[in-house]
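Data first, discussion second: the structure below is written as structure tokens.
The values are calculated or read from the model by the stated rules, or taken from the named source; none is laboratory data. Computed from a prediction, not measured in an experiment: that's the story for all the values here. All Cβ positions, even for glycine, are placed from backbone atoms using ideal geometry, and neighbour counts span all protein chains on display.
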Amino acid sequence: MGLKNRLIWTFILGLAIAGLVDTAYLTVLKVAAPAGGCGGGGCSGVLSGPLSMVAGFPLSIWGMGFYALISYWTLRRPNRGRLIAIRAVSGIATLISIGLVAAQATGQAGWCQYCLISAGLVGGILGLSWLIRYDGDRDSSRSVWVLGAGSLIAFGLPFLLFSGYRMGETYLELKPQYRVVAKIGDRQVTQADIQKSVIHTFAYTDMLRRDAQKEWLDQEVLKTEAKRNGVTIQGLFDLQAKQLTVNSVELVQYAAKRGYDYSSLGPEDRAAIEGAVRRRKFKNDYKKDYILSLRRQYKVAETLPPPPLFDVPKNPYGSASWGKKDAPIKVVVFSNLLCSYCGQTHQVIKEWQRRYPTQLHIEYRFLPAPALPVVDRLHYGAICAGQQNRFWELASALFEHQKELTSDENVFDYARVLGIDSKQLAACMDSEGVKKSVAFDIQLADEWFITVTPAVFINQEYYPGVPAIDLIERYLPRHRD
């Protein structure tokens with residue numbers, strides 16, 4: 001091949017690569033960019049018109065396949081067979097481009113500049129191919145098979161990539177958190193966007209749903225075991241209760257609470273009280289473990305959707321905490337010293353500290369009531385007591401005397417009783433650091449729509465309201481089936 005032919009061949013490759021970039025850009029505009037993303041004019045109308053899709057694929061994808069095919073052929077060793085193929089394919093593409101240009105000229109959408117560029121590139125490839133004079137050898141039979149396979153891959157690759165994109169898009173749309181639920185102009189709002197903001201409503205609803213599902217699943221397991229034993233579920237519980245032992249003290253106390261003298265009761269009454277004590281003991285102390293054992297026995301495999309997780313950002317200005325930082329169960333509490341339910345939650349947390357001294361790390365965050373700014377300093381005082389390692393003592397005292405808290409001076413009253421240095425406490429309460437700490441948590445609560453306290457996060461799972469004392473048990477390893 002002479003120098004002239006080599007130069008023309010190189011120009012054809014350059015035009016093919018330029019066309020590949022042009023059609024790839026048009027494809028992106030078609031599937032990903034908002035209307036008008038190609039700079040206005042008639043481009044948006046053409047991309048959304050009836051001729052923009054062929055056989056379920058954007059017309060630009062067919063263009064990408066054509067340019068990829070021409071690029072592959074020109075990169076191979078030139079010969080007469082490939083030259084003929086380029087002329088034939090570019091000739092067909094040129095005819096199609098002429099038809100599309102005519103459609104734009106007679107239509108209402110206007111002109112798409114990138115479509116016109118592509119039409120010019122196609123015509124340029126066809127024209128250059130006819131300037132080449134080549135009488136070289138044809139491909140061998142083996143080369144023909146290799147060339148055919150390569151051509152198929154080159155032409156089909158844009159279609160495969162587009163199909164993969166559509167499959168991924170469909171997969172994300174099927175996942176609830178990625179589903180588009182609203183549009184604001186060109187902005188798409190997903191389920192995850194709303195869930196992150198309206199945290200209280202979504203998490204509370206999800207918690208009720210999960211608890212209802214688990215309760216139903218437990219009932220089905222119990223029904224299966226009861227049917228196997230030929231009894232009702234209550235009968236199944238009675239069978240388990242009969243295996244428990246009770247002592248005379250339990251029997252006497254149970255009878256006394258109901259106004260009976262156990263020693264004066266007859267055999268039938270004593271048997272009835274003994275049965276009632278056994279059933280109560282099973283319900284309070286053994287029922288949950290029994291259901292867990294049945295779950296393991298029947299190899300229950302849950303595929304319930306996992307709860308949403310909320311990674312609570314650390315307060316950069318510090319917050320009160322308890323327990324080892326590497327503890328397996330991490331608790332974050334948003335509370336308010338004047339909230340009665342927060343006082344109940346504080347008692348639950350103290351019980352958790354007693355029961356699980358090595359398994360918890362608890363972090364306290366405060367959200368003072370905006371309607372009562374005078375008591376902001378109460379919360380400052382509780383946080384500042386942490387500088388003297390007395391946060392939990394002072395916070396407990398303030399929670400226990402909620403009804404008596406009328407001003408920030410109450411902090412110093414209880415601080416003196418507990419032996420906390422009042423001067424150091426006052427200096428901290430006036431500092432910018434503690435104010436910024438509380439302000440950070442208030443802003444975070446506003447962003448996450450945490451409108452009520454208490455709000456408890458356990459290993460990033462959200463629990464509004466007063467948590468149950470035994471809630472932590474579900475996070476212990478033995479309760480993870």
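A quick yes/no check of all residues on (1) closer than 20 Å to Lys330 by Cα; (2) crowded, with 19+ Cβ neighbours inside 10 Å:
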position	(1), (2)
Glu404	no, no
Ser407	no, no
Asn410	no, yes
Lys435	no, no
Pro467	yes, yes
For the range 391-411 the number of residues that are over 11 Å from Gly381 (Cβ atoms), among the acidic types (Asp, Glu) and in contact (Cβ under 8 Å) with a residue 12 or more places away in the chain is 2
Exactly one condition in (1) touching a helix residue (DSSP H, G or I) at 6+ places or on another chain (Cβ under 6 Å); (2) closer than 30 Å to Glu363 by Cβ is not met by Asp218; state its number.
(2)
Given (1) basic (Lys, Arg); (2) without any contact (Cβ under 8 Å) to a residue 24 or more places away in the chain; (3) part of a helix (DSSP H, G or I), Lys283 misses just (2)
Restricted to the range 215-232 and to residues being part of a helix (DSSP H, G or I) and polar (S, T, N, Q), the residue farthest from Glu461 (Cα to Cα) is Asn229
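Yes/no per residue for (1) closer than 23 Å to Met207 by Cα; (2) not assigned by TED's automatic domain parsing to the domain that holds Phe440:
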residue	(1), (2)
Leu236	no, yes
Ser264	no, yes
Arg279	no, yes
Lys283	no, yes
Asp289	yes, yes
Leu292	yes, yes
Ile349	yes, no
Identify, from the list Val452, Val417, Val434, the residue that is in contact (Cβ under 8 Å) with a residue 24 or more places away in the chain, of a type in the set (Val, Ile, Thr) and in a helix (DSSP H, G or I).
Val434
Identify, from the list Leu26, Leu83, the residue that is within 37 Å of the chain's Cα centre (by Cα) and either modelled with pLDDT of 70 or more or surrounded by fewer than 21 Cβ atoms within 10 Å (Cβ to Cβ) (or both).
Leu26
Taking the range 446-463 and the residues there that are among the polar types (S, T, N, Q) and more than 14 Å from Phe366 (Cβ to Cβ), the one that is nearest to the chain's Cα centre (by Cα) would be Gln460
Do we find that Ala212 is outside the structural domain of Ile458 (by TED's automatic domain parsing), farther than 27 Å from Asp470 by Cα, assigned to a helix (DSSP H, G or I) and free of Cβ contacts under 8 Å to residues at least 40 places away in the same chain in this structure?
no
Condition first: in the same structural domain as Trp352 (by TED's automatic domain parsing), under 23 Å from the mean Cα position of the chain (by Cα) and farther than 21 Å from Asn315 by Cβ. Can you find one or more residues in the range 413-432 that meet it?
no
Among (1) over 24 Å from the mean Cα position of the chain (by Cα); (2) surrounded by 14 or more Cβ atoms within 10 Å (Cβ to Cβ); (3) part of a helix (DSSP H, G or I), where does Ile472 come up short?
(1)
Residues being within 30 Å of Leu398 (Cβ to Cβ) and touching a strand residue (DSSP E or B) at 6+ places or on another chain (Cβ under 6 Å): count how many of those fall in the range 288-323.
7
Given the condition touching a Pro at 6+ places or on another chain (Cβ under 7 Å), among the polar types (S, T, N, Q) and at negative phi, answer yes or no: does some residue in the range 311-320 qualify?
no
